[in-house]
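The values are calculated or read from the model by the stated rules, or taken from the named source; none is laboratory data. The shown structure was predicted, so the numbers you read here are calculated from the model rather than taken from an experiment. No Cβ is skipped: glycine too gets one built from the backbone with ideal geometry, and neighbour counts run over all protein chains shown.
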């Protein structure tokens, strides 16, 4: 199975498709290769914290996310990244929606790493 890729970002806090911008980019990697699916249906860009912007802090936040059989995040936790971005990344990731993964043709939960890059440009 090919891991799903997440490409260009669009303006605004709630985005799903659109014009490429110089903004945070998230990548989705599914680690359970017995499953198929898990396409992103709705993504929410994290809000760049004002303190981080004024302090010119940048960097990725890596999350471990479990998506349930309905395509909704059921568990999200920070694996790594600057603490100033943790809450913004968690809040955004919890709002994402997915086409559920499938195992033997049935909707199934899936766990994967999601990297959100906070970048000033």
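Results, tabulated for the structure shown:
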| read-out | value |
| --- | --- |
| Condition check for residue 93: buried (at least 17 other Cβ atoms within 10 Å of the Cβ), farther than 18 Å from residue 38 by Cβ and modelled with pLDDT of 95 or more | no |
| Filtered residue count, segment 76-105, keeping only those that are in contact (Cβ under 8 Å) with a residue 12 or more places away in the chain and over 20 Å from residue 45 (Cβ atoms) | 4 |
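Per-residue answers, yes or no, for (1) at pLDDT below 55; (2) in contact with a strand residue (DSSP E or B) (Cβ under 6 Å, 6 or more places away or on another chain); (3) in a strand (DSSP E or B); (4) closer than 25 Å to residue 107 by Cβ:
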{"site": "9", "(1), (2), (3), (4)": "yes, no, no, no"}
{"site": "41", "(1), (2), (3), (4)": "no, yes, yes, yes"}
{"site": "52", "(1), (2), (3), (4)": "no, no, no, no"}
{"site": "64", "(1), (2), (3), (4)": "no, yes, yes, yes"}
